[in-house]
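Here is the structure we will look at, set down as structure tokens.
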Amino acid sequence: MVNDYTAAPIYFSEGESGGHEWLIEFEQQPASLDAFIDVLDRSLKTINSDYEAKRHKDMALRRPTVHALQAGSFTEWLKSKGKLGGQHKVPRLNNDRNVLEEILRFIEKQ
């Protein structure tokens, strides 16, 4: 089960398609992260025809990149920003990489 997550774009670069990068905190780590990514990818294709079209043969979007975070990672990040509790929540989907990169840097320092 997923406790919390955030996702951001992987920008197109010369010779490489774009994609989505996810930071996911699981209640219990999946037995296989690759199998989880396959299920996530299939689910996104099922609920979003635009995503499915862009994922066709990895032409516009590549398979999602997923980082499994330790339990409590998002809580600690929010706490470090003085935003724990109340109306403060982890941003789910981002149009840029700022939040995702900030969380990755925070986790590396821990």
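None of the figures in this text is laboratory data; all of them are computed from the coordinates on show. Values in this document were obtained by computation on a predicted structure and should not be read as measured data. Positions of Cβ are backbone-derived with ideal geometry, glycine not excepted, and every protein chain shown enters the neighbour counts.
Numbers at a glance
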quantity	calculated
DSSP loop chymotrypsin sites (Phe, Trp or Tyr not before Pro) with at most 16 other Cβ within 10 Å excluded, longest remaining stretch of the chain	13-110
Most positive-pole-ward Cα, VAL2, LEU61, LEU33, against dipole of the chain from beta carbon charges	VAL2
Under the Karplus curve 6.51 cos²θ - 1.76 cosθ + 1.60, θ = phi - 60°, whole-Hz ³J(HN,Hα) for the range 82-88, x wherever Gly or Pro sits	x, 10, 8, x, x, 8, 7
Likely footprinting exposure, SER80, SER73, SER32, SER17, fewest C-beta neighbours within 10 Å first	SER32, SER80, SER17, SER73
Calculated FRET efficiency for the pair ILE107/PHE12, C-beta based, R₀ 25 Å, to 0.05	0.45
Residues LYS57, LYS79, sorted so that the one with the fewest Cβ neighbours within 10 Å comes first	LYS57, LYS79
Long-range amide H partners of PHE26 with built H, under 5 Å	ASN3, LEU69
Antiparallel bridges, percent of DSSP beta bridges restricted to the chain (to nearest 5)	55
Relative exposure of MET59, MET1, judged by other C-beta atoms within 10 Å (fewest first)	MET1, MET59
Simple label model, 7 Å out from Cα along Cβ direction - ARG97 to MET59, nm	2.5
Table column - 3J(HN,Hα) (Hz), the range 29-45, Karplus curve with 6.51, -1.76, 1.60, x for Gly and Pro	4, x, 4, 9, 5, 4, 5, 4, 4, 4, 5, 4, 4, 4, 5, 4, 5
Stretch gain in nm, segment ILE47-THR75, where the contour uses 0.36 nm per residue and the Cα spacing is subtracted	7.2 nm
